[in-house]
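This report refers to the structure that appears directly beneath it.
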Amino acid sequence: MKFRLLFLAFLMGCTVSTQQKPTPDWLDNKYSLFIHFGLYSHFGGEYKGQPVTSGYSEQIQAFAPIPADVYQAAAKEFNPEHWDPHHVVDLAKKAGMRSVVFTAKHHDGFCMYRSAHTSFNIVEATPYGRDVMAGLAAACQESGMDFGIYFSLIDWHFPQANPMSGHNADPITPEHHRLNMSQVEEILTGYGPISEIWFDMGSLTVEQSRELYNLVTHLQPSCVVSGRLGNDFGDFSVMADNQIPEYHLAVPWQTPASVFKETWGHRRWQERGALQPKVDEKIKSLVYVIGRGGNFLLNIGPRSDGSLVPFEEDVLLEMGRWVRANSLAIYGTQPNPFGQIFPWGEVTTKDNKLYLFVMDSFAGQTIQLPRIQGAVQSVRTLSSAIQSDWTYSTNRGLTLHLPEDFTSCCEVFEVVYRDGYTLSPESPFAVTPHFGHSALNYYAGYKSLIAYEWTVDFRQQRANSSLKDADAGYLVFTQAELGKELLVEVDGKPYEVTLEAKGRRGMPVDSVVRYTDSTQVQWGTLYSKPGRGVFGFVQEEGVEHVDVQEDKGWAEVRDFAYGTRRTMDLPPRRGVLLLQEIWAEEAQTVAVEIGSGNGVYVLLNGDYVTAHCLPERFDYQQELLLLPLKKGSNQLLIKYYNAFEDALFYSIKPVWQWTQYRQRLPFDLSGGGLHTIILRLANPPSAVTPLRAGNVRFEVCQIGSSAPLLCGKIFNM
């Protein structure tokens, strides 16, 4: 034991990584079964004969609330005698799923396996007396199904844990962390191969997250770790509960969803409604997730006696029929290659085929696939093999004429190209942001911009441009980005670049001072309102103009001191929104300095500008942001978030003068054609660490041009 503790201490100082994670098999799981089953199932969402309507039913101990001694005593009556792990695995297979993730321990601290570190477990504390998790793990292994476990990082039963709280984001004491380490070790060494470990909740230190990640990777190198471990540790990002992102992510990710969004654990009084609408709802969620590159983890909640709810079984069986009919479009595929969200549904691709998932609300209409080139061989419905009507033109792309009636809520059309297909960029100079999902903890999860991808299509541009000969690439940036170390990939070839003011590495740098004319730009009224939900939830995102009069939550801020660090009494895990009105006589770029504490999320006219909430616990930091204002009224919206501190420190400062640099990159874009340039951090701490280089632009100039910052074409967001 002494050697083991010394070894675990050693793991604190390094990150173990023996292979690439997630594995290809995990990435192709696509669709998996989540099972919330524990002592909370005994209550079925009721306490003292009354429904507990607040909160999820698996957290009934906190939301009822139930005294600790009463809750613990309920284990003597918990007897899931009808639990059948083979039936569960068989159901998952019939549903078309490829893995099962089971709740080894939830927030109540009750273990559904025999733990050597607490008697509060299914074997020792209940009349059932058997290891539920061991039976399920064995059933999965026998059937070839991947087996993963859910493990709560908070534990309301552990004496040295912080007191039980409804927000579930308590810090983890050193004693509690040692228990977590010990229990994770016994699970990973006693239950066979674990495909993924789904950590959840708590607010860990960086060291605690690192220790747990390293322990898992050492004991089972192929076991993938969920991003809810926190502090940007983890092998895949996890969306908020039942969340489907309205954007494409450039990292592995997963959406956890439940048959009933209101709960994960069983509740007897749940209104279930008609079967088919629920089946349609979950099929559509599955489609949106896999089309955008994620894995769908769908939950059921067994009853106290271990039996499954017939309605939930029927939902999975009906979904399974649809999955089997359309499996070619699901497994072994890549996500939507178009880089945009279509109103009619989603797309996956494999080899020389496209699979179009079209929602039934578009039956009888026409849909288009723009920017696609290639000889179409056939178009058919995948489930019935009925040939479909289509037309193609260079200008409009592929147009599909949909039948009047669909056989399901989401019809899948297979488009086969004789010799493959190509996609042209949306414009000769196009930029695509790459997003990840970063998370310090559940409440501090957010959309993080991790890279830019620029497409240069000289095939179109040279016909009407002065860029005729060999051309050079440049990065345009401000003083805020000086010293930043970046990786620039050009058609797959990497170049490391440090942004400099004097070109000390042989690459020339020009500079120019930019000004904002105060007579052309007026800073107007400032409003504020309390933030809602997790840090990354900003309901105003995508709203071009917020009506502050219609939304009664906004209040005018009077006598605001711009450029001064201010303090707000805001407790941890809380946010506040500021909305700044800006008037511009003409479309132009202006600069602003934002001061923030732990986290900040910035929008301009509803569009994403930047967001970050880093593991480093900054109480106050400043950054310069360039804002491309449109003519007329503009709205700068800032969500400030306090993750850790006793108060929030923040500021806003209009900047009327700033320096802009142009640094030549160590490559030429010669020979015309199509080029792809990707910009990311050179050595990011994690795959989802935000780039924080929103002022950087890519520019193409003819070699020898002497006009600094004025030649060629600048690619903007």
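The values are calculated or read from the model by the stated rules, or taken from the named source; none is laboratory data. Quantities reported herein were computed from a predicted structural model and do not represent experimental measurements. Here the Cβ is made from the backbone with ideal geometry for all residues, glycine too, and neighbour counts use every protein chain on show.
Just a few scattered comments:
- Count of the stretch 121-164 residues, restricted to those that are in contact with a helix residue (DSSP H, G or I) (Cβ under 7 Å, 6 or more places away or on another chain) and within 13 Å of HIS107 (Cα to Cα), is 7.
- Residues of the stretch 357-384 that turn out to be of a type in the set (S, T, N, Q), outside any strand (DSSP E or B) and crowded, with 17+ Cβ neighbours inside 10 Å, as a count: 1
- Criterion: touching a strand residue (DSSP E or B) at 6+ places or on another chain (Cβ under 9 Å), in a helix (DSSP H, G or I) and either not acidic (Asp, Glu) or not assigned by TED's automatic domain parsing to the domain that holds LEU400 (or both) - qualifying residue of LEU297, LEU354, LEU328, LEU317: LEU328
- Sub-6 Å Cβ pairs linking a first residue in the stretch 251-262 that is part of a strand (DSSP E or B) to a second residue that is of a type in the set (S, T, N, Q) and buried (at least 22 other Cβ atoms within 10 Å of the Cβ), at least 6 apart or interchain, are TRP253/SER237; GLN254/ASN295; SER258/ASN299, ordered by first then second residue.
- Residue match in the stretch 619-631 (condition: in a strand (DSSP E or B), under 32 Å from the mean Cα position of the chain (by Cα), modelled with pLDDT under 90 and surrounded by fewer than 17 Cβ atoms within 10 Å (Cβ to Cβ)): no
The rows are residues; the columns are (1) under 31 Å from the mean Cα position of the chain (by Cα); (2) among the aromatic types (Phe, Trp, Tyr).
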site	(1), (2)
GLU318	yes, no
LEU328	yes, no
TYR331	yes, yes
GLY339	yes, no
GLY345	yes, no
THR348	yes, no
PHE357	yes, yes
ASN395	no, no
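- Boolean, SER424 is of a type in the set (Gly, Ala, Ser), under 23 Å from GLY293 (Cβ atoms) and either buried (at least 19 other Cβ atoms within 10 Å of the Cβ) or in contact with a Cys (Cβ under 9 Å, 6 or more places away or on another chain) (or both): no
- Near pairs, Cβ below 7 angstrom, 6+ apart or cross-chain, from the stretch 272-300 (closer than 20 Å to PRO343 by Cβ) to any residue that is assigned to a helix (DSSP H, G or I): ILE283/MET319; ILE283/TRP322
- Considering residues of the stretch 166-204 that are at pLDDT below 95 and polar (S, T, N, Q) only, the residue surrounded by the most Cβ atoms within 10 Å (Cβ to Cβ): SER203
- For GLY595: the one exception among (1) assigned to a loop (DSSP other than H, G, I, E, B); (2) closer than 16 Å to SER651 by Cβ; (3) touching an Asp or Glu at 6+ places or on another chain (Cβ under 9 Å): (1)
- Residues that are assigned to a loop (DSSP other than H, G, I, E, B) and either within 30 Å of VAL279 (Cβ to Cβ) or of a type in the set (S, T, N, Q) (or both) within the stretch 391-427 comprise THR394, ASN395, LEU402, PRO403, GLU404, ASP405, PHE406, THR407, SER408, CYS409, SER424, SER427, listed in sequence order.
- In the stretch 497-543, the residues that are β-branched (Val, Ile, Thr) and exposed (fewer than 12 other Cβ atoms within 10 Å of the Cβ): VAL513, THR519
- Per-region count, the stretch 634-647, residues under 24 Å from GLN539 (Cβ atoms), out of contact with any Lys or Arg (no Cβ under 8 Å at 6 or more places or on another chain) and at pLDDT below 95: 0
- Hits in the stretch 20-61 (condition: surrounded by fewer than 20 Cβ atoms within 10 Å (Cβ to Cβ) and either over 22 Å from the mean Cα position of the chain (by Cα) or among the aliphatic types (A, V, I, L, M) (or both)): LEU27, GLU46, TYR47, LYS48, GLY49, GLN50, PRO51, THR53, SER54, GLY55
- Test: TYR661 is in contact with a strand residue (DSSP E or B) (Cβ under 6 Å, 6 or more places away or on another chain), among the hydroxyl-bearing types (Ser, Thr, Tyr) and modelled with pLDDT under 95: yes
- Verdict on ALA472 being loosely packed, with under 13 Cβ neighbours inside 10 Å, modelled with pLDDT under 95, more than 25 Å from HIS612 (Cβ to Cβ) and more than 34 Å from the chain's Cα centre (by Cα): no
- PHE667 more than 25 Å from ARG514 (Cβ to Cβ) and crowded, with 16+ Cβ neighbours inside 10 Å: no
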